[in-house]
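As structure tokens, the structure follows; a few thoughts come after it.
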Amino acid sequence: MIAYETRIGKIHISEDYLQKLIGQAVTSCFGVVGMVPSGSKQKLLGLLSRKESLNKGIIIRGNANSISIELHIIVSYGMNINAIAQSIVHKVEYTVTEATGIKVDKVTVKVDGIRE
């Protein structure tokens, strides 16, 4: 949970909301086939629930001033991985900053697989 104070009041942003926001931005990028669960908690939840989840493969670290994001993705075969990664970084930074006002320090994109 990220919380910060404004002149009007206190704002709380849940990690689940941030993960779904980022997941939607990432999966809408051209060349991204899907996300890969990262960590044992996400892998266990993936086994229990068979439906596709937007918040898997996303690790968020930081506080209300700035956050760092790590993404685990699967890309389409034959695509330029560098171009896909740059597109994801720009889209995630823009989406998070516009929706929440939180500065994104770093976005790390890890390609965990290639699918046709």
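Could you tell me how many of the residues in the stretch 91-112 are out of contact with any strand residue (DSSP E or B) (no Cβ under 6 Å at 6 or more places or on another chain) and loosely packed, with under 13 Cβ neighbours inside 10 Å?
Final tally of qualifying residues: 4.
If Ala64 meets every condition in (1) exposed (fewer than 14 other Cβ atoms within 10 Å of the Cβ); (2) out of contact with any Gly (no Cβ under 8 Å at 6 or more places or on another chain); (3) touching a residue at least 24 places away in the same chain (Cβ under 8 Å) apart from one, which number is that one?
(1)
Output the residues belonging to the stretch 67-85 that are free of Cβ contacts under 8 Å to residues at least 60 places away in the same chain and closer than 14 Å to Lys106 by Cβ.
Ser68, Ile69, Glu70, Leu71, Ala85
It is to be established whether one or more residues within the stretch 66-73 are touching a Lys or Arg at 6+ places or on another chain (Cβ under 9 Å), under 20 Å from Arg115 (Cβ atoms), modelled with pLDDT of 85 or more and among the hydrophobic types (A, V, I, L, M, F, W, C).
Within the stretch 66-73, one or more residues are touching a Lys or Arg at 6+ places or on another chain (Cβ under 9 Å), under 20 Å from Arg115 (Cβ atoms), modelled with pLDDT of 85 or more and among the hydrophobic types (A, V, I, L, M, F, W, C).
Yes or no: Met35 surrounded by 16 or more Cβ atoms within 10 Å (Cβ to Cβ) and either among the hydrophobic types (A, V, I, L, M, F, W, C) or at pLDDT 85 or above (or both)?
yes
The values are calculated or read from the model by the stated rules, or taken from the named source; none is laboratory data. Note that the structure is a prediction, hence the values are computed from the model and not measured. Every residue, glycine among them, receives a Cβ derived from its backbone with ideal geometry; neighbour counts consider all protein chains shown.
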